[in-house]
Amino acid sequence: MKQMLLDWWRIVRSVLSAFLGVQNEHSRQRDFASDSPWPFIIAGVVLALILVIALVLIVHVVLASG
Amino acid sequence: MVELNLTKGYWLFIALYLVVPQVSADLKYNMPVGVTEVSHAVHSLHMTIFWICVAIAVIVFGVMFWSIFHHRKSRGAKAAQFHENTLVEIIWTLIPLVILVAMAVPATATLIKMYDTSDADVDIQITGYQWKWHYKYVNDDIEFFSTLSTPADQIKNEAPKDTNYLLEVDQPLVLPVGKKVRFLVTSNDVIHSWWVPDLAVKRDAIPGFINEAWTKIERSGTYRGQCAELCGKDHGFMPIVVEAKSEQEYSAWVANKQAEKEAAKQAAAASATKEWSHDELMAEGEKVYARICAACHQPTGMGIPSVFPALKGSPVATGNVQEHINIVLHGRPGTAMQAFAQQLSTTELAAVITYERNAWDNNTGDTVLPQAIQAVLDKQ
Amino acid sequence: MDARTQRSLVWLVLLPVAMFGFGFALVPLYDVFCRVTGLNGKVNTSPLAMPVSAKVDLSRSINIQFVTQNNANMPWTFQPLSTEMEIHPGADSRAVFRVKNVTDHPMSAQAIPSISPAEAAQYFHKIQCFCFNQQHLAARESLDMPVIFYVDPELPDYIHTITLGYTLFDVTKLAARAN
Amino acid sequence: MDVASEHSTDHDAHHGPAKGFTRWVYTTNHKDIGTMYLWLAFAMFLIGGSMAMVIRAELFQPGLQLVQPGFFNQMTTMHGLIMVFGAVMPAFVGLANWLIPMMIGAPDMALPRMNNLSFWILPFAFGLLLLTLFMDGGGPNFGWTFYAPLSTQYAPPSVTFFIFSIHLMGLSSIMGAINVIATIINMRAPGMTLMKMPLFVWTWLITAFLLLAAMPVLAGVVTMMLMDINFGTSYFSAAGGGDPVLFQHLFWFFGHPEVYIMILPAFGIISHIVPAFSRKRLFGYSSMVYATASIAILSFMVWAHHMFTVGLPLAGELFFMYATMMIAVPTGVKVFNWISTMFRGSLTLETPMLFAIAFIVLFTIGGFSGLMLAISPADFQYQDTYFVVAHFHYVLVPGAIFSIIAAAYFWLPKWCGRMYDEKLGKIHFWWSFVGLNLTFFPMHFVGLAGMPRRIPDYALQFADFNMISSIGAFIFGTAQLFFLYIVVKCILTGEKAPACPWEGAEGLEWTLPSPAPYHSFTVPPKFED
């Protein structure tokens, strides 16, 4: 279970760095050594939705503060 | 040879990028500072972000051109073999992020100010038509069309162009100074966009919907703008002129306008009784035709094939008179042919129909009197 | 074409077909999104499921403006009997619009409502409105059309004026095609 | 003009290309199809360019001198459509067809017959589009963004042909994208893992996914238009419950990924040329790939920044402003990476490198004006003025067009086995550079001063900067005819090019002889990094 959590955290971290557009050689090779791309794609879509929701929340906070 | 002019090119380019905007900022080639609180805010936002971009550009391109010039092979530069440095990359990602947040704060404040249309003193309904604007003072029940008044021969380069070429209208929109004015923008046919740079107001006019905008003009004067959304053939020929008057002048103008409306009603009734001769109607008709109808049906009466029908020898202009009157009064729905019943007086309608039935050797010999038009209008 | 290309081909054809469907799905999605957020001044164009009997807030009065607009040279005359009205949130109010078919042939028209400011749209509830259905008028016929509405008391307090605008469309061809 | 055929060397096993016309009609060879795409793109570039000359000739002075406003609108619309769908996109698909198989060590594209079909749709699509100019009522005159109801209720009768040609172009692009993805995923040489692929292949893989997601939505929009015009539905007419603003949302949901479809391959090309002439590996290869992916994802969240003045609610304006500003970050990363690649490299400045440096400088200026446009309150003054025209021309002309020209100069020796004339190349560069800046730089200021877009005539205060723009436009236009001369001269009489004419160039395509044999990599090459 712990290993699984660790993997997911690594995938999330690498997708977040993808959003920022910065990644180092080492973790990129490790990312791309993994067998199937699907976990990355799912994490990517989920995090994209979270990004959209985060932006909408920021807008509401900004509007609420007036 | 190449390396030298590359550096010269760079300094010329930076000079161009730095000097020209500064020179043009004072000249007429920059966003107008405008006469409303919102336009001042937008102008300062524009200039701050512009200077931020210029600063970043000078630093980034400076480093780039220096390294290009310095590391040329012909100067014996050996290529270093580093090709990754994540720390540097993270830095040059966070710095732009910080700059962006710094820009977003004032922008948000200005935008919130632009969207507050509450408690307006005057409400104006602005309607975009194919190729002119219609203004209606909702509270004072005044409404009129505002059409381009630049004569056609200036546009065809047959006459010298005056200073406000293409930016002058026959009836400008008159607004009070210091009062909050609320615009209700909509459209009669296609999407237009009502834009006056000096007021920093730009709102799309969409058929079927009402869009809101507001302004509070600080100084009296004349402010000119144009339609800012492609709306067909004469998109470039439907300008906007706003005349800001002081409060007294404005209320005097409103009163005068309402009096004018009453007088026009009497005049219409009176002119209906006046005996108009065929030639008088033809002369008046020609003037009205040139001002309104020539835009589509062309001065020659030939129209534009399959876009605007020709009147010369047309079955309508030479056929049944009642049918011809009906089309000019009520227009033809779904086409650019408008209903001119509210736009022209009965005399003007009678004159232009008489002209259309006799000009370009249609000469049906008919004389349509204002009384005939009045009869049709009363029957409605 | 080897097996692997064939397998990826299946997915690669499904994606554009799905996106084509998504393009069409955006139409109802947009409508729902507009209704929920009152985007673009859209307001309900069908009778309310059940008229909410909100309590009347006598302390506050809202100025309702009525504005009319004919579309694409629609010849009918169309104007509100009174251009302005003071109402209390929660109270049912009634406004009348007069329309007249000035032409000499029968026509059908459809009025489209639009509320400004757009934020007020979701607090503006129409119980009965001539814009719920098409109006068919014979030649030279005139008609007074009522709209019964009320404004939700939860209307944000910075809104004091609401403009209800109607645009009148000529739908004679559309109606003829329908029946 | 047989680019790849007259050199079919002996070891080219079973058969060279067929002779004569049938070769080009029935070809399933990725090199021939690439050549046809590139020549079609060049022809469309010159046709679209001539329309731009008509526009700039009319705008040379105030007053109507040359064309009627109705025809002027047709010219602006067709200029936009032909340049976007006819010049830039086919040119990138042509480069993909030529380069991707060679770069990943594949013998050909995954679906050769579909490749042929997706090319041969295009000449008929553009023939149809150009024919609408001669139809009753004229060609499309509602702008390349064809907003309803101007494009539905008030359109000329030829709008249905316009819709059909957009369908054809969309179909061709979708098939092209499917082909590229299937090739990249399945046919890489052993040892060439996803992460060792050249960057041009990476950017095209991501662009292809953008195409598959965006193009169908455009097909949906034009289908809705077709039904509105002919079958009495009212998607975009308020009369039947529709909404013209819905059209703009749908169009720009496709529109913004489309503009990234037109710039991501350019990023790929520049990421090949800059390292080659700096004799240094690309800086931050993985960041470049991740940044491209991040741009692609963000491009679907920002579409409404084209509609700030349409009456969006305040929350919508803020959301799209913030999302649009975020795109500046990954784009910035890419520009910084190119500059770091050049830093402490060993540079030589042949023609491809000159175009690449001009790309970096001028595209970034387009990026800065784009950042200014993202600021929603300021956009109220910029929207639909010549400031926007200056922005997207700075992003597209030195962006997409310069990168395509740079790619042509860089890979021409590989395609036709002959070197272009270096001196003529440099003349072409400086000639285009001057013409471009003379044309589009004054547009920033004329737009700020208040000149709206798409108008055939303007007020007197915009007169002198418009004259400069028009002169610049003719300079830039003639430079591209000169480029045609350089390319033809190189193909016919250029001196023999070695397998790898560029000292710093790396990549599988440079291991092939120049010109690349008709069938290359029939046996997958061993690839070790």
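Every read-out reported here was derived from the displayed coordinates using simple, explicitly stated rules and does not represent laboratory data. Because the structure is a prediction, the values reported are computed rather than measured. Heads up, the Cβs are rebuilt from the backbone with ideal geometry, glycines too, and the neighbour counts pull from every protein chain shown.
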Study note, to complete from the structure: Helix B:346-358 sits off the longest principal axis of the Cα atoms of chain B, rounded to the nearest 10 on a 0 to 90 degree scale, by 90
Review point. How far is the Cα center of the stretch A:8-39 from the Cα center of the stretch D:113-178, in Å?
Key: 41
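Counting other beta carbons within 10 Å of each Cβ, put D:Glu503, B:Glu280 in order, fewest first.
D:Glu503, B:Glu280
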Practice item. List C:Ser61, D:Ser287, D:Ser234 from most exposed to least, where exposure is judged by having the fewest other Cβ atoms within 10 Å. Key: C:Ser61, D:Ser234, D:Ser287
Check your understanding: Highest mean first, what order results for D:392-399, B:90-97 on Cβ atoms within 10 Å?
Key -> D:392-399, B:90-97
Review point. Between the stretch D:77-105 and the stretch B:299-355, what is the C-alpha centre distance in whole Å?
Key: 50
Revision key, fill the gap. Non-local residues with an amide H under 5 Å from the amide H of D:Thr385, with H modelled 1.01 Å from N and Pro and chain starts lacking one, are D:Arg453
Point to revise | Peptide-level mean, for D:177-184, of C-beta atoms on other protein chains within 10 Å | key: 4
Check your understanding: How big, in percent, is the set of alpha carbon pairs in the stretch D:287-405 lying more than 23 Å apart?
Key -> 37
Exercise for review: Anything in chain A that counts as a DSSP H helix reaching 30 Å or more along its axis (C-alpha) with Kyte-Doolittle mean of at least 1.0? List them, would you?
Suggested key: A:38-65
Exercise for review: As a check on your grasp of the helix formula, calculate [θ] at 222 nm for the protein assembly as shown: sum -39500 (n - 2.57) over DSSP H runs of n ≥ 4, divide by the residue count, round to the nearest 500.
Suggested key: -18000 deg cm²/dmol
Exercise for review: Please sort B:232-243, D:110-121, A:47-58 by packing, taking for each peptide the average over its residues of neighbouring beta carbons within 10 angstrom, highest first.
Suggested key: B:232-243, D:110-121, A:47-58
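As an exercise, use a Förster radius of 35 Å and the Cβ-Cβ distance of B:Arg75 and D:Glu495 to find the FRET efficiency, rounded to the nearest 0.05.
Efficiency, from the Cβ-Cβ distance: 0.80.
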Exercise for review: Name all residues of the stretch D:17-54 having a backbone nitrogen under 16 Å from the label point set 7 Å from the Cα of D:Thr522 along its Cα→Cβ direction, giving them as ranges.
Suggested key: D:17-18, D:28-31
Practice item. List every residue whose amide H lies under 5 Å from the amide H of C:Met145, counting only residues 5 or more places away in sequence or on a different chain, with H placed 1.01 Å from N in the peptide plane. Key: C:Phe97, C:Arg98, C:Val99
Practice item. Note the angle between two axes, namely the Cα long axis of helix C:3-37 and the longest principal axis of the Cα atoms of chain C, as a number of degrees from 0 to 90, rounded to the nearest 10. Key: 10
Revision key, fill the gap. Once normalised by the length of the stretch D:427-478, the mean sequence separation of its alpha carbon contacts under 8 Å that are 6 or more apart gives a contact order in percent of 61
Point to revise | Estimated translational D of chain B in µm²/s (Stokes, Kirkwood radius over Cα pairs; 4 °C; 1.567 mPa s) | key: 51
Review point. Can you give the mean number of other chain Cβ atoms that lie within 10 Å of the Cβ atoms in peptide C:151-164?
Key: 2
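Exceeding 22 Å between C-alpha atoms, which entries from my cross-link table qualify? They are B:Lys132/B:Lys287; B:Lys156/B:Lys202; B:Lys161/B:Lys261; D:Lys196/D:Lys526; B:Lys78/D:Lys334; B:Lys179/B:Lys257.
Long pairs (Cα-Cα over 22 Å): B:Lys156/B:Lys202; B:Lys161/B:Lys261; B:Lys78/D:Lys334.
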Practice item. Return the Cα extents of the stretch D:159-253 along principal axes one, two and three, sorted largest first, each rounded to a whole Å. Key: 61, 23, 16
**Study point:** Quarter of the Cα convex hull surface for chain D, i.e. its orientation-mean projected area (nm²)
**Key:** 23.8
Exercise for review: State log₁₀ I(q)/I(0) for the protein assembly as shown at q = 0.05, 0.08, 0.09 Å⁻¹ as given by the Debye formula over alpha-carbon point scatterers of equal weight, solvent excluded.
Suggested key: -0.36, -0.90, -1.12
Check your understanding: Any idea which of B:Val368, D:Ala479, D:Gly345 is furthest toward the positive side of the dipole for the protein assembly as shown, if Lys and Arg beta-carbons carry +1 and Asp and Glu beta-carbons -1?
Key -> D:Gly345
Review point. Quick one: Karplus J couplings for the stretch D:38-51, per residue in order, coefficients 6.51, -1.76, 1.60, θ = phi - 60°, nearest Hz, x for Gly and Pro?
Key: 5, 5, 4, 4, 5, 4, 5, 4, 6, 5, x, x, 5, 5
Revision key, fill the gap. Dividing the mean separation of Cα pairs under 8 Å (6+ apart) by the residue count of chain B yields a relative contact order in percent of 12
Review point. Taking Cα centroids, how far is the stretch D:401-460 from the stretch D:477-529 in Å?
Key: 23
Point to revise | For the stretch D:285-290, Karplus couplings with θ = phi - 60° (6.51, -1.76, 1.60), whole Hz, Gly/Pro x | key: 3, 5, 4, 4, 5, 5
Exercise for review: Could you tell me which chymotrypsin sites (Phe, Trp or Tyr not before Pro) in the stretch C:113-179 are loop residues by DSSP with no more than 13 other beta carbons within 10 angstrom of their beta carbon?
Suggested key: C:Tyr158
Check your understanding: Shielding of D:384-397 by partners, i.e. mean partner chain Cβ atoms within 10 Å per residue?
Key -> 1
Check your understanding: Can you run phi through the Karplus equation (6.51, -1.76, 1.60; θ = phi - 60°) for the stretch D:260-265 and list ³J(HN,Hα) in whole Hz, with x for Gly and Pro?
Key -> 7, 4, 8, 10, 5, x
Study note, to complete from the structure: The helix B:2-26 Cα axis meets the longest alpha-carbon principal axis of chain B at an angle in degrees, between 0 and 90 and rounded to 10, of 50
Revision key, fill the gap. Projected convex hull area of chain A, Cα atoms, direction-averaged, in nm², equals 5.8
